[in-house]
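Just below is one structure, and these are the notes that go with it.
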């Protein structure tokens, strides 16, 4: 699962709406990733501000 | 908050508030929930709004949310050729730069005045089903988990579009139908306060850069990239920073805010309804794929969905079949334009800087009164038949 850099994330929801698995949920100021994540890497690659790093735990 | 409503609208952006307003006006007991603590914030928008679309969506003009009135728009090619659309020629394509937070609040106020109950810092978490039918929503309202019963849910939850996916409506986007965007509000810059500007070409591959003036020396300066083109997280910000750094008009620029966001640039979805659920605005992927504009489409679809929801409640029919009335209403207003502009966007994504130069200088030369894909193709046929082949599939 990707790792969110909370100091960079602007909580814009781009990754949420783009995730093909709907595996990301945006709480007001935090992203939650669920087990449906297939490590496709899309969210990390298209994040406008580079706040996601692929392949955490 | 009551335990039971006819209609719950998820998301108090322009689409949600308009849907709630029309549902309540039609006599439906309506709840409008917004997950953020302030309606209208944080803004994720370039804040441009064309006048013709305001009329089409029947949005009452309120001076409090108008930041600046535009005289026109300019499209600028990589080589510096400019095509100008001014008010005299295309009044309806020109319009306002607005204050989205105030705009959203004005629309929510109209919903409240129409009788909708509004709860902020209240997020939808899942749909409750019993015997295969939707009976309500699980929500968290200011920290308290709750269940609210309802007959109809209107998903106005924006780009994130959770309601649709929970209900089984396919709102997934192809990568080439996603724009990844970042925008600064910059002050202390040289800006033409009466013109919006769009920069096409390799400064923003698969997208464009926009300047929407808010006042004499302040503007929303943003950039979108095609998601299938970006290589690495943070590319939109890097491209925008690079472009601003080499723009002499922005050498003393200071940032007032920074926002990011996703923008769908797809062809219209096959369906934006299912039994008991309708989607509106960005949640229904109704953004104009060419301009990136979504505010008015959200209001328009919100109005139609709200009306249909109220009628459905009166008749006791919340089926997908009944909601075809909503599908017909928004599609008759928007579908053809959205599809045409999606085709044009698919083409624009592939153009070289040189072709943009040719195309935009040609538009400037022709100076057409009514800019449209068909008119562009006619002009190409006349002046650059060698390029026409590239655009054949748009015919």
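The values are calculated or read from the model by the stated rules, or taken from the named source; none is laboratory data. Remember, predicted model here, so these are calculated numbers, not experimental data. Cβ: placed from backbone, ideal geometry, glycine included. Neighbour counts: every protein chain shown.
Table for the structure above
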| item | result |
| --- | --- |
| Among residues of segment B:209-254, those that are touching a strand residue (DSSP E or B) at 6+ places or on another chain (Cβ under 6 Å) and in a strand (DSSP E or B), counted | 15 |
| When residues of chain A are limited to those that are in contact (Cβ under 8 Å) with a residue 24 or more places away in the chain and under 21 Å from residue B:126 (Cβ atoms), the one nearest to the other protein chains (Cβ to nearest Cβ) | A:18 |
| Residues that are part of a loop (DSSP other than H, G, I, E, B) and more than 13 Å from chain A (Cβ to nearest Cβ), drawn from segment B:135-178 | B:150, B:151, B:156 |
| Any hit, segment B:76-94, residues being within 14 Å of chain A (Cβ to nearest Cβ) and under 18 Å from the mean Cα position of the chain (by Cα) | no |
| Residue within segment B:199-213 that is outside the structural domain of residue B:11 (by TED's automatic domain parsing), touching a residue at least 12 places away in the same chain (Cβ under 8 Å), under 22 Å from the mean Cα position of the chain (by Cα) and over 27 Å from residue B:346 (Cβ atoms) present | yes |
| Selected residue [surrounded by fewer than 22 Cβ atoms within 10 Å (Cβ to Cβ), under 28 Å from residue B:41 (Cα atoms) and within 14 Å of chain A (Cβ to nearest Cβ)] from B:282, B:257 | B:257 |
| Odd one out for residue B:55, checked against (1) surrounded by 19 or more Cβ atoms within 10 Å (Cβ to Cβ); (2) over 30 Å from residue A:11 (Cβ atoms); (3) at pLDDT below 90 | (1) |
| Test result for residue B:189, in contact with a strand residue (DSSP E or B) (Cβ under 7 Å, 6 or more places away or on another chain), away from chain A (no Cβ under 13 Å) and either over 23 Å from residue B:281 (Cβ atoms) or crowded, with 23+ Cβ neighbours inside 10 Å (or both) | yes |
